[in-house]
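Notes follow once the structure below has been shown.
None of the figures in this text is laboratory data; all of them are computed from the coordinates on show. These numbers come from a predicted model, not from an experiment. Because the Cβ atoms are built from the backbone with ideal geometry, glycine has one as well, and the counts that use them run over all protein chains shown.
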Amino acid sequence: MRETDSIGSRTAAIRKLKGMSGRHLADRAHISYSLLTKVETGKAPASPAFTAAVARALAVPVNDLTGQPYRRETRSDELAHAAVPELRREVASYTLPPADEDVPPRPLAELDAAVTFASEMRHRVNLTRLGEVLPPLLAELRAATFVARTDTERVQAYRLLAETWAAAGQFAWKLGYIDLSSMITDRYEWAAAHSDDHLAVCIGDYMRAGELVGAGDWTGAERTIAYALRRLEADLGTAAPATWSTWGNLHLKGALIAARSGDPDAAWDHHREAQAAADQTGVDRDDYRMCFGPTNVAIWGVGLAVELGDGTTAVERSQTLRIPATVQRERAGHHYIDLARGYLQHGDKQRSLQCLYTARKVAPQQTRYHPMVHETLYALARAERRSTDTLRSLATWVGLQD
């Protein structure tokens, strides 16, 4: 695996091109100089918090550090990436009315089924199939908002459009088109505002906070979540399960923000609030295609410990976690990617690699394209005097070259 392909090596190269010393960058990124040195020299893997903070301090896109989007010369990968130009065109034409010669959109009941299918492909992380259906479905839903005969139909079309934009955002993010994902968040917020659904608007706040986290703006992300929670708090007295799910997911995002900004007390406070919301729902739910319930809160408990650099706690929490087969592959796969990082922090390299193989089995395309999988593999390779066949095989599969 080439060292020049790691986040640390890219950080060092860009920093030097900008004539910036390591201490200056560490000060600007609000990280320790020791951590920066370790990551740049390959003695420690980069975390998402490190990557976002350093990218902001260097005034470069996160992609410049991660090397995304990753391209692999396989048929499925080619098909997934081939959808991106059409998706960009739909992003640009999101308010354009249909032309007279366009085929009329299908009835809303049929469009509802098509949107459900797209969301299922998202949860299975079948990016190839999702990429095939998204651009034409978005165009058809856009037309449906114009030809709706009643306000009720128009609102329903916007709700379906918002859900589809949410799937499109995850498609772009997982493939590594971060700029496109950010633009799609704008489109989701626009559609949600027209959907007459205040919970959908709160999900937009969740997504916006995620964009700010990715850009290293912890303060802006925290304010966004706090604002959404204040607006939703009045509904909790007689809250339906969907409200509790939204409330809990907002707290989970707040926990992630706190963890990445280095505030463990706030992170676990948010997690406890999410647990209380999960106690209210009692079961795992999929409101607004946002997995929430006891299982997801437990998954986040492992991930938060990893984000806080506490691999031992992450491993301990994982011992009592049982993920039902009904849980989305998207969530389960992400859990094993996080747990691989946790085992690496804990010092168990063999279990770390095993978790990556499990993530590959659960959600292969998500695993192949995830930058933290690449970083974990780099760290495992550096720690081994002689790389094993299993390590080399997985590294080759994700596209890391010798």
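Below are the figures for this structure:
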| item | result |
| --- | --- |
| Point-charge dipole on Cβ atoms (K/R +1, D/E -1) for segment 67-150, about Cα centre, debye to 20 | 320 debye |
| Under 10 Å, Cβ to Cβ, from Thr37 - net charge with Lys/Arg +1 and Asp/Glu -1 | +2 |
| Contour excess over end-to-end distance, with Cα ends at Ala99 and Ala266 and 0.36 nm allotted per residue | 55.0 nm |
| Debye log10 I(q)/I(0) for segment 3-66, one point scatterer per Cα, at q = 0.16, 0.22, 0.24 Å⁻¹ | -0.39, -0.79, -0.97 |
| Listed residues Ala118, Ala168, Ala266, most fluctuating in the chain (Gaussian network, C-alpha, under 10 Å) | Ala266 |
| Dipole-positive endmost among Val398, Pro135, Tyr369 within the chain (Cβ charges, Cα centre) | Val398 |
| Burial order of peptide ranges 206-215, 333-342 (average beta-carbon count within 10 Å, highest first) | 333-342, 206-215 |
| Cα gyration tensor, segment 313-402 - rounded (a/c under 1.5), prolate or oblate | oblate |
| Percentage, to the nearest whole number, of Cα pairs in segment 116-241 over 27 Å apart | 22 percent |
| Fully extended contour minus Cα-Cα distance, from Lys361 to Ser76, at 0.36 nm per residue | 101.0 nm |
| Restraint check, Lys38/Lys349; Lys43/Lys253; Lys253/Lys349; Lys18/Lys253, Cα-Cα greater than 26 Å | Lys43/Lys253; Lys253/Lys349; Lys18/Lys253 |
| Between 0 and 90°, nearest 10: helix 178-193 axis offset from the chain longest Cα axis | 30 degrees |
| Within the chain: Cβ-based charge dipole about Cα centre, in debye rounded to nearest 20 (Lys, Arg +1; Asp, Glu -1) | 1620 debye |
| Relative contact order (%) - criterion: Cα under 8 Å, at least six apart; region: the chain | 15 percent |
| Nearest-ten-degree value, helix 218-233 long axis tilted from longest Cα axis of the chain | 40 degrees |
| Solvent-free Debye scattering, log10 I(q)/I(0), computed from the Cα coordinates of segment 249-402 at q = 0.20 Å⁻¹ | -1.24 |
| Paired Rg and Dmax values of segment 198-292, which use every Cα atom, in angstrom | 12.4, 36 |
| Eligible aspartates and glutamates near Lys361 by straight Cα distance, threshold 14 Å, same-chain separation 8 or greater | Glu330 |
| Which of Ile184, Ala325, Gly309, positive extreme of dipole for the chain (C-beta unit charges) | Gly309 |
| Listed peptides 356-369, 15-28 by packing density, highest first (mean Cβ within 10 Å) | 356-369, 15-28 |
| Value of [θ]222 nm, deg cm²/dmol, for the chain, DSSP H segments ≥ 4, -39500 (n - 2.57) each, nearest 500 | -23500 deg cm²/dmol |
| Contact order relative to length of segment 83-196, as percent, for alpha carbon pairs under 8 angstrom and 6 or more apart | 29 percent |
| Segment 208-308 - charge dipole about Cα centre, Lys and Arg +1 at Cβ, Asp and Glu -1, debye rounded to 20 | 200 debye |
| Rounded to 10°, Cα long-axis angle of helix 349-362 versus longest principal axis of the chain | 20 degrees |
